[in-house]
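Novice: Please read through the structure below; I'll follow up with questions.
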Amino acid sequence: MRIDIVSIFPDYLEPLDISLLGTARRNGLLDIRVHDLRQWTGDRHRTVDDTPYGGGAGMVMRPEPWGQALDSLYAPDSAAARPHLIVPSPGGHVFTQDIAGKLASEPWLAFACGRYEGIDERVVDEATALMPVSVLSLGDYVLGGGEVAALAMVEAIARLVPGVIGNEESLREESHTGGLLEYPVYTKPPSWRGREVPEVLRSGNHPEIRRWREQQRRQRTAERRPDLVPDQGMVELTGALAHRKDLRLTSAQPGDAGELLTLARACWLPEAEEQGSFEIPALTEDLADVQRWMADWLTWVVRMDGRIVGSVRARRAGRNFDIGRLMVAPDVQGCGLGQALMQHAERSAPAELTGFTVFARAHSPRHERLYRRAGYRVSGHSQFGGVATVELFKPRRTEAG
């Protein structure tokens, strides 16, 4: 693969000559050429920028040197191969592992590293008429120039070129492979500062290790990048909603906090009125409280006609999976949605956990009946926020029993 990079700071790209990329260059797998944009300027000051039309702060990179730079990379009037031009920019499409994989199959890439307020837009328009062009962003932030982005993209792309990575098996279970993050990894010693390597990894049971790793990938993705978690399937309900085919379970997003707050109040107000007390955590929280606990809990939602009609949350609590805030909108209760949410939360527990716990308000027969039907039994009593609660526990069933 040939890669050309044009920048006004060519020294910035020196890291491309070390580590895996440096080895690949020396072995002839990568032909990386770094160019100084200023060699295509025509004045003694080697000017590459000017003030923006329409006013505003900062400077804009002039089109003339960029036009000559691109012309020099290929013969404009030739039918020869032309590069795929990558323009790193915070205003571009987000660069992903899938994009890296597609670009790794191309024979020739070129990177145009902008600076200041960016490159005159006519350069991109001109290039688009002559070659494939992709404007790509590393993420939702702004850098001082395109060099850092080019370094990151070149490494992400080049390591996928056959032969660059010595053991290509290591590419099969990485973060973003299959849309999930990578599982946690460990090495010797087995015990370090009182922290143990998970027992399953020392068991030698490779099928179980594979199951554990897959579970960890899903768990980590749900915790750290819920936006990457795919649609987790259609929820099939009974009764009046049995015909609905649009009820799907997904991970909650930060923007769902307001709806979850509203749903909580709709679910717990009848109980508060029945009990004669509104001192229930779900009713005393505000939006900031919901946003805080969403950052600490795995949370799933079910939507119907665009609104959230059900939700449940869960998190690790020692050797158990603590499941809570089970909510079903009053107009869809009695259709099996609560049971479906509980079952999903239980299936999502990390493989090494041994049981499930839920907390319900004391003297709430409706909740106790729901959890008892799901296999939970009272294991203790406590106070939460001044409210008497009961703890219910359910052991996790193994494949053997």
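Novice: Enumerate the pairs (first residue in region 183-208 and in contact (Cβ under 8 Å) with a residue 24 or more places away in the chain; second residue anywhere and among the hydroxyl-bearing types (Ser, Thr, Tyr) and outside any strand (DSSP E or B)) with beta-carbon separation below 9 Å, excluding pairs fewer than 6 apart on the same chain, so at least 6 apart or on different chains.
Specialist: So the pair list comes out as Pro198/Tyr186.
Novice: Just need a number here: residues in region 305-341 that are surrounded by 18 or more Cβ atoms within 10 Å (Cβ to Cβ), under 17 Å from Gly255 (Cβ atoms) and not hydrophobic (A, V, I, L, M, F, W, C).
Specialist: Of the residues in region 305-341, 2 are surrounded by 18 or more Cβ atoms within 10 Å (Cβ to Cβ), under 17 Å from Gly255 (Cβ atoms) and not hydrophobic (A, V, I, L, M, F, W, C).
Novice: Considering only region 92-109, state which residues are in a strand (DSSP E or B) and within 22 Å of Glu126 (Cα to Cα). Steps first, please.
Specialist: Start the filter on region 92-109 by keeping residues that are in a strand (DSSP E or B), which leaves 92-94, 108-109.
Gly92, His93, Trp108, Leu109 - these are the residues of region 92-109 that are in a strand (DSSP E or B) and within 22 Å of Glu126 (Cα to Cα).
Novice: Is it true that some residue in region 77-92 is at pLDDT 95 or above and of a type in the set (Lys, Arg)?
Specialist: Among the residues of region 77-92, not one is at pLDDT 95 or above and of a type in the set (Lys, Arg), which makes the answer no.
Novice: Take Val302 and decide whether it is under 25 Å from the mean Cα position of the chain (by Cα), surrounded by 17 or more Cβ atoms within 10 Å (Cβ to Cβ) and within 15 Å of Met342 (Cβ to Cβ).
Specialist: Working: under 25 Å from the mean Cα position of the chain (by Cα): yes; surrounded by 17 or more Cβ atoms within 10 Å (Cβ to Cβ): yes; within 15 Å of Met342 (Cβ to Cβ): yes.
Considered against the rule, which asks whether it is under 25 Å from the mean Cα position of the chain (by Cα), surrounded by 17 or more Cβ atoms within 10 Å (Cβ to Cβ) and within 15 Å of Met342 (Cβ to Cβ), Val302 comes out as yes.
Novice: Still on this model: If you go through region 5-25 one residue at a time, how many are on the phi < 0 side of the Ramachandran plot and touching an Asp or Glu at 6+ places or on another chain (Cβ under 9 Å)?
Specialist: At the first step, the residues of region 5-25 found to be on the phi < 0 side of the Ramachandran plot are 5-18, 20-25.
After this cut, where a residue has to be touching an Asp or Glu at 6+ places or on another chain (Cβ under 9 Å) as well, the list is 5-10, 12-13, 15-16, 20-21, 25.
Here the count works out to 13.
Novice: Before we move on, is Ser89 among the polar types (S, T, N, Q) and in a strand (DSSP E or B)?
Specialist: Working: among the polar types (S, T, N, Q): yes; in a strand (DSSP E or B): yes.
Considered against the rule, which asks whether it is among the polar types (S, T, N, Q) and in a strand (DSSP E or B), Ser89 comes out as yes.
Novice: Sort through Arg33, Arg82 and tell me the only one that's assigned by TED's automatic domain parsing to the domain that holds Pro162, out of contact with any His (no Cβ under 8 Å at 6 or more places or on another chain), in a loop (DSSP other than H, G, I, E, B) and without any contact (Cβ under 8 Å) to a residue 60 or more places away in the chain.
Specialist: Values: Arg33 fails: in a loop (DSSP other than H, G, I, E, B).
Selected residue: Arg82, the only one of Arg33, Arg82 that is assigned by TED's automatic domain parsing to the domain that holds Pro162, out of contact with any His (no Cβ under 8 Å at 6 or more places or on another chain), in a loop (DSSP other than H, G, I, E, B) and without any contact (Cβ under 8 Å) to a residue 60 or more places away in the chain.
Novice: Of everything in region 110-141, what is touching a helix residue (DSSP H, G or I) at 6+ places or on another chain (Cβ under 8 Å), closer than 17 Å to Pro90 by Cα and in a loop (DSSP other than H, G, I, E, B)? Give them in sequence order.
Specialist: Cys113, Asp120, Leu138
Novice: Moving on. Might you check whether a residue that is of a type in the set (Lys, Arg) and at pLDDT 85 or above occurs anywhere in region 359-370? Before you say what the answer is, go through the steps one by one.
Specialist: Within region 359-370, the subset of a type in the set (Lys, Arg) is 361, 366, 369.
If we keep only those that are at pLDDT 85 or above too, we end up with none.
No: zero hits.
Novice: Checking the condition assigned by TED's automatic domain parsing to the domain that holds Val142, closer than 21 Å to Asp140 by Cα and modelled with pLDDT of 95 or more, which residue from Arg115, Arg38 passes?
Specialist: Residue meeting the stated conditions: Arg115.
Novice: Okay, moving on. Please work out if Arg211 is over 17 Å from Ser311 (Cβ atoms) and at pLDDT 75 or above. Spell out how you get there, then give the answer.
Specialist: On the way: over 17 Å from Ser311 (Cβ atoms): yes; at pLDDT 75 or above: yes.
Yes.
Novice: Mind checking which residues of region 275-284 are over 11 Å from Arg361 (Cβ atoms) and modelled with pLDDT under 80?
Specialist: Gly276, Phe278
Novice: Among the residues of region 36-65, write down those that are closer than 17 Å to Gly144 by Cβ and surrounded by fewer than 10 Cβ atoms within 10 Å (Cβ to Cβ).
Specialist: Step one: of region 36-65, the residues closer than 17 Å to Gly144 by Cβ are 37, 48-49, 57-61.
The one that is closer than 17 Å to Gly144 by Cβ and surrounded by fewer than 10 Cβ atoms within 10 Å (Cβ to Cβ): Ala57.
Novice: Looking only at region 26-35, filter to residues that are buried (at least 17 other Cβ atoms within 10 Å of the Cβ) and in contact with an Asp or Glu (Cβ under 9 Å, 6 or more places away or on another chain); which one of those is farthest from Trp108 (Cα to Cα)? Show your work before the answer.
Specialist: Restricting attention to region 26-35, the residues satisfying the condition of being buried (at least 17 other Cβ atoms within 10 Å of the Cβ) are 30, 32, 34-35.
Filter again for in contact with an Asp or Glu (Cβ under 9 Å, 6 or more places away or on another chain), leaving 32, 34-35.
Values: Ile32: 10, Val34: 14, His35: 15 Å.
If we take residues in region 26-35 being buried (at least 17 other Cβ atoms within 10 Å of the Cβ) and in contact with an Asp or Glu (Cβ under 9 Å, 6 or more places away or on another chain), then His35 is farthest from Trp108 (Cα to Cα).
The values are calculated or read from the model by the stated rules, or taken from the named source; none is laboratory data. Note that the coordinates shown come from a computational prediction; the quantities given were computed from them, not determined experimentally. Cβ sites come from the backbone with ideal geometry, for glycine too, and all protein chains shown count toward neighbours.
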